[in-house]
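Student: Dumping the structure here so I can ask a few things about it.
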Amino acid sequence: MKRRHFISNTAKSTGGVIVASSLTTLGLFSGSSSRAGEKRGLGVALVGLGSYATGQLAPALQMTENCYLAGIVTGTPSKADSWSDQYDIPAENVYNYQNFDGIADNDDIDIVYIVLPNSMHAEFVIRAAQAGKHVICEKPMATNYEDCQRMIDACRKAEKKLSIGYRLHFEPYNLEAMRLGQQQIYGKVLESDAGFAFPLRDKSRWRLDKEMAGGGPLMDVGIYAIQSTIYTRGQLPVSLEAMDTTVDKAFYGAVEGTLDVKFEFPAGIKATMRTSYEESSNYLKVQAQEGSWELAPAYSYGGLKGQTHLGPMSFPAVNQQALQMDDFASCILKDKQSIVRGEMGQRDMFIIDKIYESAAIGKPVSLKGIPNILHLV
């Protein structure tokens, strides 16, 4: 099963009638969309034309208000031709990985969105910043903490903004999970459990290549579970204990097939999470002093559902990627800070490094020194 198909398998069913006025009321969408190829706001170049750029980002850029698809970067000539035809991209806005730095002279392109394998994120974020472009980088930000710092430093030196593709910070069910926990609507959060997993048994996929991916499911869908564990509380964990619980170690080899993590938050509050390429899961469960809530599915591109102990949640469907990119463009236009800035990606890489450390040594590790970056609602 392809990852994009797994995440979006419920996107066509929203469970209710969606009206434009509801989106406007939420402050998440204006209710209008723009024609393909129409120039509006800031120009975006997608770097890497894989399944996510093809199936999610390019279509979302036909719905954005503050930005539009202005250019592409690919190493495959046939993709360059088909994308240019489909999205009316002029030849001068089409680049490959060798002549990418020439993007510095292209005034049509304001934002570069890095959608490459994990090991290539640092190089191309730094090159984009040096070319004078603002940058969105897909998660995970990099494959180690030190590279994250290099990326942040490069953008800071160039005086360009850097954000990470954390789309769920703009999605109403996840925003409600944040609100319920952070504002203690049902009292203090006592415990939570998060899980995101899908079967991956194709050895040809780069996600199973340790050098390219940096790890297994933790570096892919596990990040969503880390994120929701934190933003549900609006707090950072103080320690964690991780266990590599891979069943088929012979198949997965250098990367984990399954990981289980236990977090400890201030005042001894506990949380658990599980991520895997050996099974399917997609949920967030939270227990508070006076009630509970759950999202299932919690992290998909669409079709999310949620409920509290009082009954179902009901929110309109949104295009998460369009909202994410529009927000970043707005941050640039208004010169304000993104809620999913590069420091948040670095924070998560700090946690990921500690998870792998704990799994390797077989005991808990402290999270002292974790970057204090939170999205508070």
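The values are calculated or read from the model by the stated rules, or taken from the named source; none is laboratory data. Here the structure is a predicted model, which is why all the values come from computation and not from measurement. Quick reminder, even Gly has a Cβ in these numbers, built from the backbone with ideal geometry, and neighbours come from all protein chains shown.
Student: Taking the criterion of being modelled with pLDDT of 95 or more and under 23 Å from Gly268 (Cβ atoms), would at least one residue in the stretch 312-330 satisfy it? Spell out how you get there, then give the answer.
Tutor: Step one: list which residues in the stretch 312-330 are modelled with pLDDT of 95 or more, which gives 312-330.
Checking the rest, the ones that are also under 23 Å from Gly268 (Cβ atoms) come to none.
Within the stretch 312-330, none of the residues are modelled with pLDDT of 95 or more and under 23 Å from Gly268 (Cβ atoms).
Student: Can you tell me how many residues within the stretch 324-346 are surrounded by 22 or more Cβ atoms within 10 Å (Cβ to Cβ), within 16 Å of the chain's Cα centre (by Cα) and either hydrophobic (A, V, I, L, M, F, W, C) or within 11 Å of Glu171 (Cβ to Cβ) (or both)?
Tutor: Within the stretch 324-346, residues that are surrounded by 22 or more Cβ atoms within 10 Å (Cβ to Cβ), within 16 Å of the chain's Cα centre (by Cα) and either hydrophobic (A, V, I, L, M, F, W, C) or within 11 Å of Glu171 (Cβ to Cβ) (or both) number 5.
Student: Looking only at the stretch 278-290, filter to residues that are within 18 Å of the chain's Cα centre (by Cα) and not small (Gly, Ala, Ser); which one of those is farthest from Ile185 (Cα to Cα)?
Tutor: If we filter the stretch 278-290 for residues that are within 18 Å of the chain's Cα centre (by Cα), which is where we start, we get 281-284.
Filter once more, keeping what is not small (Gly, Ala, Ser): 282-284.
Details: Asn282: 24, Tyr283: 20, Leu284: 17 Å.
Going through the qualifying residues, I end up with Asn282.
Student: Of all residues in the stretch 174-206, which are within 21 Å of the chain's Cα centre (by Cα), surrounded by fewer than 23 Cβ atoms within 10 Å (Cβ to Cβ) and in a helix (DSSP H, G or I)?
Tutor: Leu175, Glu176, Met178, Arg179, Gln182, Trp206
Student: Evaluate the stretch 75-92: report whether one residue or more is within 15 Å of His134 (Cβ to Cβ) and surrounded by fewer than 20 Cβ atoms within 10 Å (Cβ to Cβ).
Tutor: Quick first cut of the stretch 75-92, residues within 15 Å of His134 (Cβ to Cβ) only: none.
There is no residue in the stretch 75-92 that is within 15 Å of His134 (Cβ to Cβ) and surrounded by fewer than 20 Cβ atoms within 10 Å (Cβ to Cβ).
Student: From Asp248, Asp244, which residue is under 30 Å from Leu208 (Cβ atoms), more than 22 Å from the chain's Cα centre (by Cα) and touching a residue at least 60 places away in the same chain (Cβ under 8 Å)?
Tutor: Numbers: Asp248 fails: touching a residue at least 60 places away in the same chain (Cβ under 8 Å).
Only one candidate qualifies: Asp244.
Student: Turning to a different aspect of this structure: Do we find that Lys249 is closer than 28 Å to Ala122 by Cα and surrounded by fewer than 24 Cβ atoms within 10 Å (Cβ to Cβ) in this structure?
Tutor: On the way: closer than 28 Å to Ala122 by Cα: no; surrounded by fewer than 24 Cβ atoms within 10 Å (Cβ to Cβ): yes.
For Lys249, the condition - closer than 28 Å to Ala122 by Cα and surrounded by fewer than 24 Cβ atoms within 10 Å (Cβ to Cβ) - is not met.
Student: Of everything in the stretch 117-143, what is surrounded by 18 or more Cβ atoms within 10 Å (Cβ to Cβ) and assigned to a loop (DSSP other than H, G, I, E, B)? Give them in sequence order.
Tutor: Answer for the stretch 117-143, where residues must be surrounded by 18 or more Cβ atoms within 10 Å (Cβ to Cβ) and assigned to a loop (DSSP other than H, G, I, E, B): Ala131, Lys133, Glu138, Lys139, Pro140, Met141, Ala142, Thr143.
Student: Quick check: anything in the stretch 76-89 assigned to a loop (DSSP other than H, G, I, E, B), within 24 Å of the chain's Cα centre (by Cα) and modelled with pLDDT of 95 or more? Full working, then the answer.
Tutor: Let us first name the residues in the stretch 76-89 that are assigned to a loop (DSSP other than H, G, I, E, B), namely 76, 88-89.
Checking the rest, the ones that are also within 24 Å of the chain's Cα centre (by Cα) come to none.
No, the stretch 76-89 contains no residue that is assigned to a loop (DSSP other than H, G, I, E, B), within 24 Å of the chain's Cα centre (by Cα) and modelled with pLDDT of 95 or more.
Student: Another question about this same structure. If I filter the stretch 97-111 for residues that are touching a strand residue (DSSP E or B) at 6+ places or on another chain (Cβ under 7 Å), crowded, with 23+ Cβ neighbours inside 10 Å and within 28 Å of Lys354 (Cβ to Cβ), do I get at least one hit?
Tutor: no
Student: Of everything in the stretch 31-60, what is modelled with pLDDT of 95 or more, closer than 22 Å to Ser300 by Cα and touching a helix residue (DSSP H, G or I) at 6+ places or on another chain (Cβ under 7 Å)? Give them in sequence order.
Tutor: Passing the criteria: Leu46, Leu49, Ser51, Tyr52, Gly55, Gln56, Leu57, Ala58, Ala60.
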